[in-house]
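Worksheet for the structure shown next.
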Amino acid sequence: MALAICKGMVTIPPQPWPTGLAEAVEPLVRRVLAPNPSPYTFTGTQTYVVGMADGPDCAVIDPGPKDPAHISAIMDAVAGRKIVAIMCTHTHRDHSPAAAPLSEQTGAPIVGCAPLVLAVDGPRSDEAFDPTYAPDRVLADGEAMRGTGWTLTAVATPGHTSNHLCFALEESGALFTGDHVMGWSTSVVIPPDGDMGDYMASLDKLMAREDVRYHSAHGAAIEKPRQLVRGMIGHRRQREGQIVRLMTERPRPVSGFIPDMYKGLDPRLIGAAEMSVTAHLIDLEKRGLAKRTGPQGDETWQTI
């Protein structure tokens, strides 16, 4: 799930979008766009089919929402090949619900991230978790799935969610980044599961890699990945600096940070922006740089 709050407003390109079409984005990769556009998903969630076009097998990455038309479009992109694995980067409801029906239809195993459902999953400003996700195999960092002419290696990248994985396509140098790094906006980090400290550490982990391009779940392919990640790290540090400066001026509740930090913010994204600020505040608290006072649900934050 994305969050278009870097510039304050959601900017989605005009239709038509290539929904339901199998687009060849590199020799081993086909991309299929799901029909679920929103301020949080951009033009929709992108499913990837990985494998030789004329080969005997393939993998499906992030099958997306449980939408019959989208599942049919995935099967068209598979084009009769055996699905070796249905692989999920994480379990937000725009990513993994189609895994179960696709597995039932094809017999393919569900492989990838660990299951995750919060004990309390009430009204949220992010996509809720998928309670139907039941993997046949959970991949640890560095474990791989292989097929004819392709290898996908798991890269653990917690932060956006605690169970988030990326998948490296070893043959081409591409990395499927799910929602950790996206081609249209910054990823939202929402507590209690989202963790800003983990997210920043995962960005540092990607900076140390040599991937040549990223394919994300939302937005265009990223052809200069390390340049983008460097900018994302800088953006988060800038946000942290803003928060510390505003706390230095006076203690304030989370809602008191938003007008100064997000000028002209789309009203639909205020809740998500508040959760992103909360993630920064919790990280600052863990590092001994901020503290909260007052009753739960009505806290004010200040520097230490």
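A short reminder: the numbers here are calculations on the coordinates, not readings from a lab. It should be emphasised that the depicted structure is a prediction, and the values quoted were computed from it without experimental measurement. Please note: Cβ atoms are built from the backbone with ideal geometry, for glycine as well, and neighbour counts cover all protein chains shown.
A few remarks follow.
- Antiparallel DSSP beta bridges within the chain, percent to nearest 5: 70
- Hits among lysines - C-alpha to C-alpha of K224 under 26 Å, sequence gap 8 or more where chains match: K7, K205
- Of all lysines in the structure, those lying under 23 Å Cα to Cα from K66, and not within fewer than 8 positions of it along the same chain, are K82.
- Rel. contact order, % - alpha carbon contacts under 8 angstrom, at least six apart, segment 2-234: 16
- Contact order, relative form, for segment 165-304: 24 percent (alpha carbon pairs under 8 Å, 6 or more residues apart, mean separation divided by residue count).
- Inter-label distance, R226 to A134: 4.4 nm, where each label sits 7 Å from its Cα along the C-beta direction.
- Mean projected area in nm² (Cα convex hull; one quarter of hull surface) for segment 243-303: 3.9
- Longest exposed-site-free window of the chain, the sites being trypsin sites (Lys or Arg not before Pro) in a DSSP loop that have at most 15 other C-beta atoms within 10 Å: 8-123
- Loop-resident sites, segment 53-148, for GluC sites (Glu not before Pro), counting at most 16 other Cβ within 10 Å (DSSP): E143
- The percentage of C-alpha pairs in the chain whose separation is greater than 29 Å is 33%.
- Loop GluC sites (Glu not before Pro), segment 199-275, which have at most 12 other Cβ atoms in a 10 Å radius of their Cβ (DSSP): E210, E223
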